[in-house]
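A short write-up of the structure that comes next.
Coordinate-derived values only; no laboratory data. This structure is a prediction, so every number in the text was calculated from the model and none was measured. So basically every Cβ, Gly included, is an ideal-geometry build from the backbone, and we count neighbours across all protein chains shown.
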Amino acid sequence: MNCSRVKCPVWLSDLMHEAGGTVPFSQFMDWALNETQYGSYSSGKLRIGKTGDFVTSPSLGPEFCELLSIQISEWIIEIESNCNKHSTISIIDIGPGEGDLTYYLIAALEASFPHLLSNIEFVLVEINDGMRMRQKKKLMPFNNVKIRWSNFGELSTNPVTGIMIAHEILDALPVDRIVWLNNKLYLQCVKLINHLDANYLELINSKLTGKVNNFLNLAKKQLGIQIPPKNPRNGWSSELHTHLNDWFKLASSCLLNGPLLIIDYAMEARRYYQTSRFEGTLISYRNQKASNNILADPGLSDITSHLCLETLNLIAENNNFKFIGERRQGLSLLSLGLSEKLNSIQSSASDNLELALSRRENLLRLVDPICLGEFRWIMYDKPSKKATSNNSLPLFLLDPLD
Ligand SMILES: C[S@@+](CC[C@H](N)C(=O)[O-])C[C@H]1O[C@@H](n2cnc3c(N)ncnc32)[C@H](O)[C@@H]1O
């Protein structure tokens, strides 16, 4: 992470002034992404897709959701078998970005599983108006399908049964930063500096807060994770997912029962909090370029961090989500029929070579081990009280060679 001083836009200087001039990094990240008028997502300035600031799996084209729909259809049938025939099943897309995941999922279900759609509603949970407007426009063609927008507050007063999907949303939740200096752990904060009548942002170190101490204790006592690891170099820094518990608490209050599928960059604690990972995992994206200068361009770029698998599981379980399993995206998609799809594209290539090549490239990008293929598919479940116990693994967790 590049810690050099950067210019601060006027809107952020005003907020920083009001907050006393120094805020924890997590507050800076929240403003940079979600401040109602100027945040990168809320203003709608950030674009997802091949011609935007960064790509996500569904934004590449229909292929990702065509495969995902096979897993979703299995879950729908399972939920249907445990509830009244005419009950509505909700598919909840949390943090829908451009709306691509819901868009292509509806298209895939319409094409391959139309009989399942009659009892389904799609619920998009989006906190930022700029994104919500674009999602509404994108999903306009599906006027025959039940689609609504909601938020966790509203959903928790009327919880639903269904399938929750959190695709590349938890990596955008604000994180706290910690840094090891002169044998002591500090909280990294962002400070507003005025120099020659211009405003700048700079990282400074401050005392750990109660929330951060609680997180560190939880990781150590319940999981045996030592943060920082033994013998860190001076300046070792990383991030803590101190806001995840609030998120899971709300998610849990919205879902009566059904699976939660998280798809995101994630890694094991031993890799996350190791001595050689000197600067954590934070990265920012703008115009398809990654940068480690996280303070630069607030309100114009994306900021994301990896998840830590063990702390994620602990927090999920503390909020009544049962961990079912996790797998890399490459293997998950193979289990859902990726190679059969590649074969069928190959055999139809003579009809439309250009389309076949682009579909083939999209599929390969989804499983590329140095890119989207490294994503983890992580499944939790909130079991229904009525459900007959089903110990069989979901399709994406089965061995693709079986
Ligand atoms: C990286 S994008 C997600 C991309 C999208 N899921 C996809 O697959 O293309 C993050 C999205 O989450 C939204 N968001 C951020 N924080 C959120 C929160 N706490 N609840 C719901 N949506 C949130 C952002 O506005 C944005 O639409």
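With a Cα-only, solvent-free Debye model of segment 292-350, what are the log10 I(q)/I(0) values at q = 0.19, 0.21, 0.27 Å⁻¹?
Calculated log10 I(q)/I(0) at the listed q: -0.84, -0.87, -1.06.
First obtain the Kirkwood hydrodynamic radius of the chain from its Cα pairs, then insert it into the Stokes-Einstein equation at 10 °C and 1.306 mPa s, and state the resulting D in µm² per second as a whole number. Display every interim value, and only then the final one.
Values: Rh = 22.4 Å.
D = 71 µm²/s.
Ordered by residue, what ³J(HN,Hα) values in Hz, to whole numbers, does segment 363-377 give under the Karplus form 6.51 cos²θ - 1.76 cosθ + 1.60, where θ = phi - 60° and Gly and Pro are x?
4, 5, 5, 5, 10, 4, x, 9, 9, 5, x, 7, 3, 9, 9
Work out the length of the dipole vector of segment 305-402 about its Cα centre, built from +1 on the beta-carbon of each Lys and Arg and -1 on the beta-carbon of each Asp and Glu, and round it to the nearest 20 debye.
Using only the charged Cβ atoms, the result is roughly 380 debye.
What share of the DSSP beta bridges in the chain is antiparallel, in percent to the nearest 5?
Values: 41 of 67 bridges.
About 60 percent, rounded to the nearest 5.
In degrees between 0 and 90, to the nearest 10, how far off the longest principal axis of the chain does helix 210-223 point, with axes built from Cα atoms?
Long axis of 210-223 versus the principal axis of the chain: about 60 degrees.
List the residues, sorted by chain then number, that are 5 or more residues from Lys146 or on another chain and whose placed amide H is less than 5 Å from its amide H.
Those qualifying (amide H under 5 Å, at least 5 residues apart or on another chain) are Phe122.
To the nearest 10 degrees, how steeply does helix 25-34 sit against the main Cα axis of the chain, on a 0 to 90 scale?
That works out to roughly 50 degrees.
From the alpha carbon gyration tensor of segment 208-297, can you work out the equivalent ellipsoid semi-axes (sqrt of 5 times each eigenvalue) and give them in Å, largest to smallest?
Values: eigenvalues 127, 92, 34 Å².
Ellipsoid semi-axes (Å, largest first): 25, 21, 13.
Grab the Cα-Cα distance for Asn292 and Ala111, subtract it from 0.36 nm times how many residues apart they are, and report the gain in nm with one decimal.
Using 0.36 nm per residue and subtracting the Cα-Cα distance, I get 61.0 nm.
For the chain, what relative contact order do you get, as a whole percent, if you take Cα pairs closer than 8 Å and at least 6 residues apart?
Reported as a whole number, the value is 21 percent.
What distance in nm separates the two pseudo spin-label positions at Asn343 and Arg47, each 7 Å out from Cα along the beta-carbon direction?
3.9
As an exercise, take the mean of 1/r over every pair of distinct alpha carbons in segment 32-144, invert it, and state the Kirkwood radius in angstroms.
Hydrodynamic radius (Kirkwood, Cα pairs) of segment 32-144 is 15.1 Å.
Whole-Hz Karplus ³J(HN,Hα) for segment 71-78, in order, using 6.51 cos²θ - 1.76 cosθ + 1.60 and θ = phi - 60°, x for Gly and Pro?
My calculation for segment 71-78 gives 5, 4, 5, 4, 5, 4, 4, 5 Hz in order.
Among Ser332, Ser81, rank each residue by its count of other Cβ atoms within 10 Å, from fewest to most, as a rough exposure measure.
On the way: Ser332 29, Ser81 10.
Ascending Cβ contact count within 10 Å gives the list Ser81, Ser332.
Starting from the Cα gyration tensor of segment 235-352, take the square roots of the eigenvalues, sort them a ≥ b ≥ c, and report rounded, prolate or oblate (rounded when a/c is under 1.5, otherwise prolate if a/b is larger than b/c, else oblate).
oblate
What is the local net charge at Lys45, summed over the other residues whose Cβ is closer than 15 Å to its Cβ (Lys, Arg +1; Asp, Glu -1)?
That sum, taken over residues with Cβ under 15 Å, equals -2.
Less than 15 Å Cβ to Cβ from Leu353, Lys/Arg counted +1 and Asp/Glu -1: what total charge do the surrounding residues give?
-1
Can you classify segment 122-218 as rounded, prolate or oblate using the Cα gyration tensor, where a ≥ b ≥ c are the square roots of its eigenvalues, rounded means a/c under 1.5, and otherwise it's prolate if a/b beats b/c and oblate if not? Intermediate results must be reported in sequence, preceding the final value.
On the way: a/c = 3.78, a/b = 1.86, b/c = 2.04.
Verdict is oblate for segment 122-218.
Return the calculated 222 nm mean residue ellipticity for the chain, to the nearest 500 deg cm²/dmol, obtained by summing -39500 (n - 2.57) across DSSP H runs with n ≥ 4 and dividing by the residue count.
Details: 13 runs with 139 residues, N = 402.
My calculation for the chain gives -10500 deg cm²/dmol from helical runs alone.
Taking 0.36 nm per residue of sequence separation and subtracting the Cα-Cα distance, how much length would be gained by fully extending the chain between Arg148 and Lys249, in nm to one decimal?
Between Arg148 and Lys249, full extension yields 34.2 nm more.
For segment 1-93, what is the per residue volume of the convex hull drawn over the alpha-carbon atoms, in cubic angstrom? The partial results should precede the final answer.
Numbers: hull volume 18.7 nm³, N = 93.
It comes to 201 Å³ per residue, whole-number rounded.
Taking the Cα centroid of segment 94-148 and of segment 179-254, what is the distance between the two, rounded to the nearest whole Å?
36
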